[in-house]
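Just below is one structure, and these are the notes that go with it.
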Amino acid sequence: MKEGIKPAIFISYAAATGPDDDKTKTLLRLHNNTTCNIVVETSDIVPPPAEYRHLFKTQTKTLPNGDIGTRYIPDPPEGAFVPIYYDKSDGKQKPIPANYWGGRDLVFEYTIPGGRSVTFTVDTKLFRDRIRLSVPFTYEWEHDPELRTTGGIDHRVYYEYELPKGYYLPN
């Protein structure tokens with residue numbers, strides 16, 4: 001849902017979560033308040049296992065060799081949970097992977113349509129340690145193989161700690 005007075009892309013607090021609502025995880029919401037699609041890194045969810053099928057529309061067609069090809073098109077319902085990869089930083093160092101391995105060989109991506117938001121969880125202890133969280137992203141149009149150059153442009157949206165009063169106690 002597009003919000004007129006908010007930044008183009010931002011992260012907000014959504015809820016405390018975890019087993020029995022123990023606040024071990026925090027649900028955050030990534031808002032794409034633009035008319036452009038953005039692309040974030042995720043777990044491997046294509047082809048989607050049952051728990052992620054609602055995040056895609058499918059398009060099937062007959063291939064030249066007679067096989068049936070299925071294309072998965074990202075189409076998350078508003079506020080859908082997506083296993084987004086995020087980074088952490090103490091504010092003095094450059095961001096490093098928080099919930100994924102930086103040396104991986106494969107990168108999986110998910111497109112968030114303009115005007116939509118998705119949710120993702122983070123470990124609450126990161127807030128207690130006052131770690132700065134961010135989600136790297138690119139704009140979908142930057143993925144055109146004819147326009148893309150080595151290195152590409154990386155954008156980053158930071159979470160600015162809009163947590164409810166008393167949510168955590170700093171160390």
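No lab work stands behind these numbers, since they all come straight from the coordinates. Every value quoted in this text rests on a predicted model; they were computed, and no experiment measured them. Glycine also receives a Cβ, built like all others from the backbone with ideal geometry; neighbour counts cover every protein chain displayed.
The figures follow:
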item	result
The chain - convex hull of alpha carbons, volume per residue in Å³	157
Charge-dipole axis of the chain as Lys and Arg at +1 and Asp and Glu at -1 on Cβ define it, positive-most pick from Gly114, Ile96, Ala16	Ala16
For the chain, the longest site-free run once trypsin sites (Lys or Arg not before Pro) in DSSP loop states with at most 14 other Cβ atoms within 10 Å are removed	24-91
Percent of Cα pairs exceeding the 13 Å cut-off, where the set is segment 36-85	64
Links that overshoot a 24 Å alpha carbon limit, given the list Lys6/Lys92; Lys6/Lys57; Lys25/Lys88; Lys88/Lys165	Lys6/Lys92; Lys6/Lys57
Within the chain, longest stretch clear of exposed GluC sites (Glu not before Pro) (DSSP loop, no more than 16 other Cβ within 10 Å)	4-77
